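A.B. asks: Here it is, the structure, as structure tokens.
The values are calculated or read from the model by the stated rules, or taken from the named source; none is laboratory data. A quick note: this is a predicted structure, and the numbers were derived from the prediction, not measured. Cβ placement follows ideal geometry from the backbone for every residue including glycine, while neighbour counts extend to all protein chains displayed.
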Amino acid sequence: MFDYLKGILIYSEDSPMLFSKLNFWIFFAILLIGYSFIYRKKALRNVYLFAFSLYFYYRSGGYFFSLLIFSIIIDYSMGLLINSSEKKTYRVFYMIVSIIVNIGLLAYFKYSYFFTDIFNSIFNTNLKVENLFAKWSNDLVGSHFDISKIILPVGISFYTFQSLSYTIDVYRKKIKPLKNIIDYGFFVTFFPQLVAGPIVRAADFLPQLYNDYKLTKTEFNYAVFLILNGLIKKMVISDYISINFVDRIFDNPLSFTGFENLMAIYGYSIQIYCDFSGYTDIAIGTALLLGYRLLLNFNSPYKAENITDFWRRWHISLSSWLRDYLYISLGGNRKGKIRTYINLMLTMLLGGLWHGASLKFVIWGGIHGAALAIHKIWMKLFNFKKESSIFVHFISVFFTFHIVAFAWIFFRADNMNAVNNMLSQIFNNFNFALIPEMIISYKIIFILITVAFIIHWLPIKIKDFYKETFIKTPVYLKIIISIVIVILLYQAKSSELQPFIYFQF
């Protein structure tokens, strides 16, 4: 019994708390039971959810929750100091402190190896990365952490951006700082979106901390719909495609034909969408059950007619963050055409680097930056009215999708050698004669990919229809549908642990 309780309460690297695992839903059920007694008391509600959110992060990322608490203390303090300072010099100083601490921690954990390798290559040195935090812990408290490896804390990129937006908005006088550190801690750690977004803005979330709990019958049904929809995207589509097709080909592209490599690119395009938007659906649904509204993060991105439209639809919370806090800070489009294109490219290059410390992510960002700049130039040169032709719309969507899919190769491949091998197979070893045979061999995979894209490209009216139909169905029918979906999810569940893709960022 003790070992069982220990397995539930103590962090285990082999059993993190994921939306697609039973341990999360046990956690959420226990949380809801207690929440049902205190949800009307706002101050107690915030303390309660803050405590559960910290526990959730501990179960997801282990002792790194102490780093999260450190970030909370720093940014809460800087927010108060910025607001209370009358001199602009002091306000700027406190904001810079917040930026240096946040970006410094992110850079240390995420980019130490990347920058050390670059330094060694340039200056022909042999510097080694050492985990200073593990070393300090070993020296101070006698722990036995491995100091030779730096492990990336779960969700650090997300909560760093979220916390930074708070201090920057306080500096810009867009919001007032919170006086209660528990309320601020709850804003940063709110568990549905803590480790993989969406990145929540203080202006959108903070007012909700002091609102009365409200959840209509329609919202409850919508939340259930989102959770079930997200689990289907993740476990039925994304995980199945990943394990049985995409991972095998990306891991060894030379063992497969060009046709299989191309289909793996299409497969990954829908896999990453279903994986990430599935997480977001579950996050929005669980938050809504607790009475909090998170903003839309995906809006059918592969329907985009151009690359600018794509970034209005894909990972909206990140793209809008990059626009408001990086692109505009660099000057945006206020300093001439050339500077605008440079700012776009810099924003997307840094956006690529945000995803990971690797050249392949920088190239991925560079492709999108170049595409955004080219689209702006195109619109300046050919200032025509938007065509309503179905053919023009199809060509635009087709072309945009393939730019995005091409960029996904760099995003997913393990290294540049794998990218070169994959492209070589597509252009030099497509093997047209074997296509009918391969379609039969991979029929389940290809059917799943095709169905997923068809659903994605369905008109919004059809999607709204089946969403509203579920919402309006009687309770007993919802229960039956939910049971059938849970059984389907259990049957489709992989025996291997499949964390959400964006957990690594």
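A.B. asks: Among the residues of the stretch 78-86, are any in contact (Cβ under 8 Å) with a residue 24 or more places away in the chain, farther than 24 Å from Arg172 by Cβ and in contact with a helix residue (DSSP H, G or I) (Cβ under 6 Å, 6 or more places away or on another chain)? Explain how you work it out, then say what you get.
C.D. replies: Looking only at the stretch 78-86, we keep the residues that are in contact (Cβ under 8 Å) with a residue 24 or more places away in the chain, and these are 78-80, 82-83.
Right, trim to farther than 24 Å from Arg172 by Cβ and you get none.
No, the stretch 78-86 has no match at all.
A.B. asks: Which numbered condition trips up Ile367, out of (1) surrounded by fewer than 19 Cβ atoms within 10 Å (Cβ to Cβ); (2) touching a residue at least 40 places away in the same chain (Cβ under 8 Å)?
C.D. replies: Failed condition: (1).
A.B. asks: Please determine, by comparing only the residues of the stretch 68-98 that are closer than 29 Å to Asn138 by Cα and surrounded by fewer than 17 Cβ atoms within 10 Å (Cβ to Cβ), which one is farthest from the chain's Cα centre (by Cα).
C.D. replies: Filtering the stretch 68-98 for residues that are closer than 29 Å to Asn138 by Cα and surrounded by fewer than 17 Cβ atoms within 10 Å (Cβ to Cβ), the one farthest from the chain's Cα centre (by Cα) comes out as Ile73.
Condition check ((1) in contact (Cβ under 8 Å) with a residue 60 or more places away in the chain; (2) touching a Phe, Trp or Tyr at 6+ places or on another chain (Cβ under 7 Å)) across all residues:
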site: Leu178; (1), (2): yes, yes
site: Gly197; (1), (2): yes, yes
site: Tyr222; (1), (2): yes, no
site: Asn229; (1), (2): no, no
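A.B. asks: Can I ask one more? Which residue is modelled with the lowest pLDDT, if the candidates are limited to the stretch 1-23 and must be in contact with a helix residue (DSSP H, G or I) (Cβ under 8 Å, 6 or more places away or on another chain) and part of a helix (DSSP H, G or I)? Step through it out loud before you land on a result.
C.D. replies: Applying the first criterion (in contact with a helix residue (DSSP H, G or I) (Cβ under 8 Å, 6 or more places away or on another chain)) to the stretch 1-23 yields 8, 11, 13, 15-20, 23.
Retained after the next criterion (residues that are part of a helix (DSSP H, G or I)): 8, 23.
Values: Ile8: 58, Asn23: 83.
Result: Ile8.
A.B. asks: Can you tell me which residue is surrounded by the fewest Cβ atoms within 10 Å (Cβ to Cβ) among those in the stretch 238-256 that are aliphatic (A, V, I, L, M) and more than 19 Å from Asn431 (Cα to Cα)? Walk me through how you get there before you give the answer.
C.D. replies: Of all residues in the stretch 238-256, those aliphatic (A, V, I, L, M) come to 241, 243, 246, 249, 254.
Still in the list and also more than 19 Å from Asn431 (Cα to Cα): 241, 243.
On the way: Ile241: 24, Ile243: 14.
So the residue we want is Ile243.
A.B. asks: How many residues are at negative phi and under 19 Å from the mean Cα position of the chain (by Cα) when one looks only at the stretch 171-227?
C.D. replies: Step one: list which residues in the stretch 171-227 are at negative phi, which gives 171-172, 174-196, 198-227.
If we keep only those that are under 19 Å from the mean Cα position of the chain (by Cα) too, we end up with 187-196, 198-202, 204-205, 226-227.
Residues that pass the stated criteria total 19.
A.B. asks: Okay, next question. Within the stretch 253-274, can one find any residue that is more than 27 Å from Thr167 (Cβ to Cβ), of a type in the set (A, V, I, L, M, F, W, C), in contact with a Pro (Cβ under 9 Å, 6 or more places away or on another chain) and not assigned by TED's automatic domain parsing to the domain that holds Met438?
C.D. replies: The first filter runs over the stretch 253-274 and keeps only residues more than 27 Å from Thr167 (Cβ to Cβ), leaving 253-274.
Next cut, of a type in the set (A, V, I, L, M, F, W, C) only: 254, 256, 259, 262-265, 270, 272, 274.
Now drop any that are not in contact with a Pro (Cβ under 9 Å, 6 or more places away or on another chain), which leaves 264.
Next, only the ones that are not assigned by TED's automatic domain parsing to the domain that holds Met438 stay: none.
So far as the stretch 253-274 goes, no, none of its residues is more than 27 Å from Thr167 (Cβ to Cβ), of a type in the set (A, V, I, L, M, F, W, C), in contact with a Pro (Cβ under 9 Å, 6 or more places away or on another chain) and not assigned by TED's automatic domain parsing to the domain that holds Met438.
A.B. asks: Output yes when any residue across the stretch 181-198 is in contact with a His (Cβ under 9 Å, 6 or more places away or on another chain), surrounded by 24 or more Cβ atoms within 10 Å (Cβ to Cβ) and over 17 Å from Met95 (Cα atoms), and no when none is. Even if it seems obvious, please write down each step before you answer.
C.D. replies: Taking the stretch 181-198 and keeping what is in contact with a His (Cβ under 9 Å, 6 or more places away or on another chain), we get 197-198.
Filter again for surrounded by 24 or more Cβ atoms within 10 Å (Cβ to Cβ), leaving 197-198.
Filter again for over 17 Å from Met95 (Cα atoms), leaving 197-198.
Yes - at least one qualifying residue is present in the stretch 181-198.
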